[in-house]
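Just so it is clear, none of the values below were taken in a lab; they were calculated from the coordinates. Only a predicted model underlies this, so the values are computations on that prediction, with no experimental measurement involved. Counting neighbours? That spans all protein chains shown, and the Cβs are built from the backbone with ideal geometry, glycine included.
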Amino acid sequence: MRAAAPSAVLLAAIIALPVEADDFRVRTEAGLTWSNADATGLEADLGYSDTRALTVAARLMWDKFVGPFRFEVHTQFKAAHGSQIALASELMPAEGPPRTLLDLSGDWSHDPDQTVVCAIDRASVAFTGDNLVLKAGRQAITWGSGLFFHPSDIVAPFSPDAIDTSYKPGVDMLYAQYLFDNGADIQAISVPRAETYGGSVALEQSTLAIRGSTTLGSFDGALLYARDRGDMVAGLNLSGPLGGASWNAEYVHWRLADGTTHPSWLFNITNFGTLGDWNTSYFAEYFHNGFGVDASVPLDALPASLAKRMSTGQVFFGGQDFLAPGGRFQVTADLSISPSAIISLDDGSKLATIGVNYALGDNTDLAFDYFNPLGADGSEFGGRETSAGSGVFAGPSRSATLRLIHFF
């Protein structure tokens, strides 16, 4: 099976459809990012203790309904300039198997301190019947109910410290959903991958999963079973009310090809209220990472099971236990402030964040985000040593991002 054939057929079918201006939406963004690393940090060791980047991006979104069919294409353009471009190239891991089947991106320009990239992030066709949904092509799917951590979301989850969660990265997949009359549903996905772009599909690199959900009285429940990159995973999700609040719980059990097991679990609670004249929401989440190890283990000595899940983008932090509290304060109709933190319960280090969003108009937002890691060298957020005795520690840096976002 080759990747080019289905891609060409899908794109040819989409291009052949009649195009109308009302079918298009555009999201534009301009941003400035600054980061500063400690003297013992990996970035400083590479000569990038203080970095900046100016970025501009546009997402062109088109969708079209033709009877029971829906066609969708998103194209993402991004240009960036600054020292963070060179730093990202230095930190880029060795290339492994691709996260998705087709390579639908183009690197138009890549100098040491600037890059211009274009990528097709959605390209799919969907059929919707009375009880059945079928969808093929590049698309996104979200499973689970994590607020920061997403153990049930095994296909391209967001990082716990992601700034922009407007659009998940698209992945080439086949999707099917059957909806029962009582509100329950069954979803199944097939995410084919190859060893290299353009190669034959390999089962050991692909994901096959089925998930069923239903309502049990005042509780919602879901079961997951999947084969992911040669390993097996099963999961249980439950959620329900707790007084005026709501809670979610997840248990995800990995059984790897080598016979080892790595259970992870999550619990969060969310509530709403007022603080003076401000409407507020507040929440907290506990997460146990079944792949995690103590922060004293250096990067080059991480267990293969953890290194694999970090390389696939399913695990982002190497520690075991985390607590993540946060909230959102609606100061005015246009201004909101969102403080939060991710705390390592293993060593007490923290990643403190604050986000401020101001609506300049119906379609324009100004967003500011600040991240400050707090912890000693050798801790989860102070930095994990790159190798034993190196004196160089890899962890998050202090950073600030200002973004202007406009839809039209």
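Between the C-alpha center of region 57-77 and that of region 344-374 there is a gap of 30 Å. Expressed to the nearest 5 percent, the antiparallel share of DSSP beta bridges inside the chain is 100 percent. Taking the helices alone, the chain has a mean residue ellipticity at 222 nm of -2000 deg cm²/dmol, built from -39,500 (n - 2.57) per DSSP H run of at least 4 residues and averaged over all its residues.
Within the straight-line cut-off of under 21 Å between alpha carbons, the lysines reachable from Lys64 are Lys135, Lys168, sequence neighbours fewer than 8 places apart in one chain being disregarded. Which one of Phe316, Phe287, Phe272 has the biggest mean-square fluctuation once the chain is modelled by GNM with Cα springs under 10 Å? Sorting by GNM fluctuation, first place goes to Phe272. Over the chain, calculate the relative contact order: mean separation of alpha carbon pairs under 8 Å at least 6 apart, over the residue count, as a percent. With pairs under 8 Å counted, the relative contact order is 13 percent.
Partner aspartates and glutamates whose Cα lies under 15 Å from the Cα of Lys308, excluding those fewer than 8 positions away in the same chain, are identified as Glu95, Glu195, Glu204, Asp228, Asp231, Asp258, Asp300. Region 243-273 and region 108-142 have Cα centres spaced 28 Å apart. With a Förster radius of 22 Å applied to the C-beta separation of Ser281 and Leu238, the computed FRET efficiency comes to 0.55. Sorting the Cα pairs of region 46-145 by distance into bins of 10 Å, from 0 upward, gives 12, 31, 30, 17, 8, 1 percent per bin. Based on every Cα atom in region 71-225, Rg and the maximum pairwise Cα distance Dmax equal 18.2, 58 Å. Here Glu380, Glu250, Glu90 are placed in order of increasing Cβ neighbour count within 10 Å, fewest first, which gives Glu90, Glu250, Glu380.
Ordered by the count of other Cβ atoms within 10 Å of each Cβ, fewest first, Glu195, Glu29 give Glu195, Glu29. Evaluating 6.51 cos²θ - 1.76 cosθ + 1.60 at θ = phi - 60° for every residue in region 361-366, the Karplus couplings come out as x, 4, 10, 9, 10, 10 Hz, glycine and proline recorded as x.
P(r) tail for region 274-408: Cα pairs beyond 24 Å make up 43% of the total.
Between Ala304 and Ala400, full extension at 0.36 nm per residue minus the direct alpha carbon distance yields a gain of 31.3 nm. Residue by residue, region 375-386 carries 3J(HN,Hα) couplings of x, 6, 3, x, 9, 4, 9, x, x, 8, 4, 5 Hz when phi is fed to the Karplus relation 6.51 cos²θ - 1.76 cosθ + 1.60 (θ = phi - 60°); x denotes Gly or Pro. Springs join every pair of Cα atoms under 10 Å in this Gaussian network model of the chain, and among Ser218, Ser246, Ser159 the largest mean-square fluctuation is at Ser218.
For the chain, the convex hull drawn through the C-alpha positions has a volume of 158 cubic angstrom per residue. Legend: ranking of residues Thr142, Thr312 from fewest to most surrounding C-beta atoms inside 10 Å; resulting order Thr142, Thr312.
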